[in-house]
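Throughout, read-outs are computed from the coordinates displayed, never taken from laboratory work. Worth saying up front: this structure is predicted, and the values here are computed from it rather than measured. Please note: Cβ atoms are built from the backbone with ideal geometry, for glycine as well, and neighbour counts cover all protein chains shown.
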Amino acid sequence: MKRKFRTYDEYLDKALRDPKEAALYLNAAAEDGDPALMLEALAQVVRAHGMARTARSLSLSRAGLYKTVSRRGNPELRTFLGILRASGLRMSFQPSQHRHP
């Protein structure tokens, strides 16, 4: 019997293949200001776009990319920007709500 539902992970993987959805997802994670949450969101985007494909586009091994986006990972800015580019995304900046003296 064929199941008639998708798991949350299946839904999220499909949704994050769309660069607009991935951008919203990463922006929501960034709003929290927690680097661990941002890294987990980035890892989810990478999984949605395919770990092997993304690794190839970054000239990294698949194992190296797994390590980079793991909970203990700390991607270099070059790798972070490469992941965004491979996912059809780019980074931008805007002023914060709070003004710093």
Could I have the simple spin-label model distance between Arg62 and Gln94, label points 7 Å from Cα toward Cβ, reported in nm to one decimal? 3.7 nm
Can you classify the stretch 8-86 as rounded, prolate or oblate using the Cα gyration tensor, where a ≥ b ≥ c are the square roots of its eigenvalues, rounded means a/c under 1.5, and otherwise it's prolate if a/b beats b/c and oblate if not? oblate
Identify the chymotrypsin sites (Phe, Trp or Tyr not before Pro) of the stretch 15-101 meeting these criteria: DSSP loop state and at most 13 other C-beta atoms within 10 Å of the C-beta. Phe93
How long is the gain from Ala30 to Arg3 if the chain were fully straight, where each residue apart is worth 0.36 nm and the alpha carbon distance is subtracted? 6.2 nm
Highest mean first, what order results for 84-91, 45-52 on Cβ atoms within 10 Å? 45-52, 84-91
Name the lysines eligible as straight-distance cross-link partners of Lys4: C-alpha to C-alpha under 17 Å, and not fewer than 8 places from it in the same chain. Lys14
Counting Lys and Arg as +1 and Asp and Glu as -1, each charge on the Cβ, what is the dipole of the chain about the Cα centre in debye, to the nearest 20? 520 debye
